[in-house]
Structures are given as C-alpha cells and as structure tokens.
1. Principal axis extents for the chain, Cα atoms only, whole Å, descending order, please.
2. Tally Lys/Arg at +1 and Asp/Glu at -1 over every other residue whose Cβ is under 14 Å from the Cβ of residue 71; what's the total?
3. For the range 136-152, what does the Karplus curve 6.51 cos²θ - 1.76 cosθ + 1.60, with θ = phi - 60°, yield as ³J(HN,Hα) per residue in whole Hz, taken in order and with x for Gly and Pro?
4. Hey, with R₀ at 41 Å, roughly what FRET efficiency would residue 94 and residue 120 work out to, going by the Cβ-Cβ distance, to 0.05?
5. When the helices in the chain are scored as -39500 (n - 2.57) per DSSP H run of 4 or longer and the sum is shared across all residues, what 222 nm value do you end up with, to the nearest 500 deg cm²/dmol?
6. How do the peptides 94-101, 214-221, 45-52, 187-194 rank, highest first, by the average count of neighbouring beta carbon atoms within 10 Å per residue?
7. Pick out, from 25, 184, 80, the residue whose Cα sits farthest towards the positive end of the charge dipole of the chain, with +1 on the Cβ of Lys and Arg and -1 on the Cβ of Asp and Glu.
8. Treat every Asp and Glu Cβ in the range 144-231 as -1 and every Lys and Arg Cβ as +1, leave all other atoms uncharged, and give the resulting dipole magnitude about the Cα centre to the nearest 20 debye.
Amino acid sequence: MTALLSVTSLHRQFGGLTAVRDLSFDVAEGEILGVIGPNGAGKTTAINLVSGVIPPTSGRVEFRGEDVTGLPPHRLVGRGIVRTFQSTTVYGDRTVRENGMRGAYLGLYPGFFATLFDTAHARRMRAEATAVVDELLDWLGLTEVAEDKAGSLPYGHQKTLGMIIALASRPRLIMLDEPVAGLGGGDADHVRDTIKRVRGRGITVIVIDHNMRFMSGLCDRVLVMHQGARLAVGTPQQVLADPAVIEAYLGKRHAALAGH
Ligand SMILES: Nc1ncnc2c1ncn2[C@@H]1O[C@H](COP(=O)(O)OP(=O)(O)O)[C@@H](O)[C@H]1O
Ligand SMILES: [Mg+2]
C-alpha cells in the first residue's frame, strides 16, 4: 500500500538548535495519526515543515507519490494538505460565513480573492465556495451563527470554525495543532467526535496533542516525538507499552504506576 504522506529524514535547524531531527514517518489514507510529545519536542515544527510554513533544512516530503518538499502553504493546500494553528486563527470582526469563505479560497493563488469581481468564472467559483461553506456550517452546527461576528462566538465554536476554514479548502489531509488546547472536558470530547467525523468523510488526519488519554481514544497510530526526533510509532497500546516512551515522555511516576 502506498502512503498518502511520506516524510523522510526531515531536519530543521534554528541557528544552533535542531528542532526536528532525522524524522521519518508515513501516514496511510484515511488514518488518524497522533503526534505526541512534551513541549518543545518539535511537534509544531514538524507540521510546519509538512504544511510548507517553513522549509526543511534537509529531508523529503512526498504526498500522493509526489515530491512536495518546500512548497509554500497555498500550493500545498491546492494539492490537498491543510493545517490549523495552535491558537485560533479566525478574523473576529468578520462573520462566521466570511471566515469560512476565506478557507474555500485558501488553495488559490494569492490575490485571487481580490480579483473576484464579476466575471462569470468568479461568480461560479463564489457560488461553489458558498455551497461548500454552508454545507460545512450545517454539518458542524454553526448555521445559526453564520451571520454573527466570529469574535462573538464562544471559544469552542471558534475552534470549530477554525476546522471549517481548513475543511473548506477540501483537503485530503488535515493537520490539527492542539485542537483541544484551552478547552474543557466536554468541549474536548466534542472536538474528538468532530475529528472522527472528519475522518468519516475520507479525510486523513494528523493531530498534535500532549494528552495521551485524549489521543488513545482518537488515533489509529501515534508518533511519539522527543527532542526533535521520533521516539516511537505504533498503535496507542504499542507506544504506551514501550519502555522508552514510558521513561522519556510519561515519566518515572507513570512508569511506577504501570509497574515498570
Ligand atoms: N521559529 C523558531 N525559531 C527558533 N526556534 C524555534 C522556532 N520554532 C520552534 N523553535 C524551537 O524548536 C523547538 C521545538 O519547538 P516546537 O516545534 O514548537 O515544539 P512543540 O510543538 O513540540 O512544543 C523548541 O526548542 C522551540 O523553542
Ligand atoms: Mg506546539
């Protein structure tokens, strides 16, 4: 089976600091892959590299069998790779629907939005984008607030809107950086269900978090990062039983509890 995404020996230096070190992993189509590790482990940098936010120092990223290493984000969105950010990235003074529309145009060349005057082509694209966004608003329960300013939404809904912006670009792979950061238990459960529903649409998911319990109930496989490198990869059960993971990530207290 060919991987949807294949990352090989990815490296990223920031001056003297190696944020990501010799990182290799594959993601299969339709999979939910978790990326876990303590603060500073290189998780965000890893998805910044895959989503083109920053170029790698070396290494290779292949998507659907093609080399996409170093392509800028809008080119990658055009190929079906999109990501959300750790903090919410909605425009608070724009409506919920307008924010969603921004996502629908993400994969087009920069400046396209400004050229949307009145050509038949632009009108068609706008109608299509509106249909995509309205379907997503309905699907994730935000239709009632579509005309509200995004900034007036509760934080949990803003997170959902961040997901809608990403989904509106019609990705094949979505990468979520700490989608439950700052959320309470009930909202976190809701996000977990939403991520499963996203995968149910046939979209492959990479999700970053540092809570193993949250990840265990969500991910098919988990990639554990430590000091920029891959420490382990496998099912949640496999990595939880891995002595290197227990020692380095979960700590001695957990190791004691687990009887190791
Ligand atoms: N733009 C940057 N410039 C300098 N150092 C950075 C930059 N981004 C991340 N780092 C460093 O790289 C390491 C990994 O960070 P990051 O990828 O954000 O980790 P994580 O998301 O796992 O918490 C950290 O030591 C961080 O300080
Ligand atoms: Mg991070």
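What follows is calculated from the coordinates using simple rules that are stated; it is not laboratory data. These numbers come from a predicted model, not from an experiment. Cβ sites come from the backbone with ideal geometry, for glycine too, and all protein chains shown count toward neighbours.
1. 65, 40, 38
2. Working: positive: 60, 64, 75, 79, 83; negative: 62, 66, 67.
Cβ neighbours under 14 Å give a net charge of +2.
3. With coefficients 6.51, -1.76 and 1.60, one gets 5, 4, 5, 4, 9, x, 10, 4, 4, 10, 4, 9, 7, 5, 4, x, 8 Hz.
4. Working: r = 26 Å, r/R0 = 0.64.
With a Förster radius of 41 Å, E is 0.95.
5. Values: 9 runs with 90 residues, N = 260.
The helix contribution divided over the chain gives -10000 deg cm²/dmol.
6. On the way: 94-101: 20.8, 214-221: 18.8, 45-52: 23.6, 187-194: 17.0.
My ranking of the peptides, most packed first, is 45-52, 94-101, 214-221, 187-194.
7. 25
8. Details: 12 positive and 10 negative charges, 98 e Å.
I would put it at about 460 debye.
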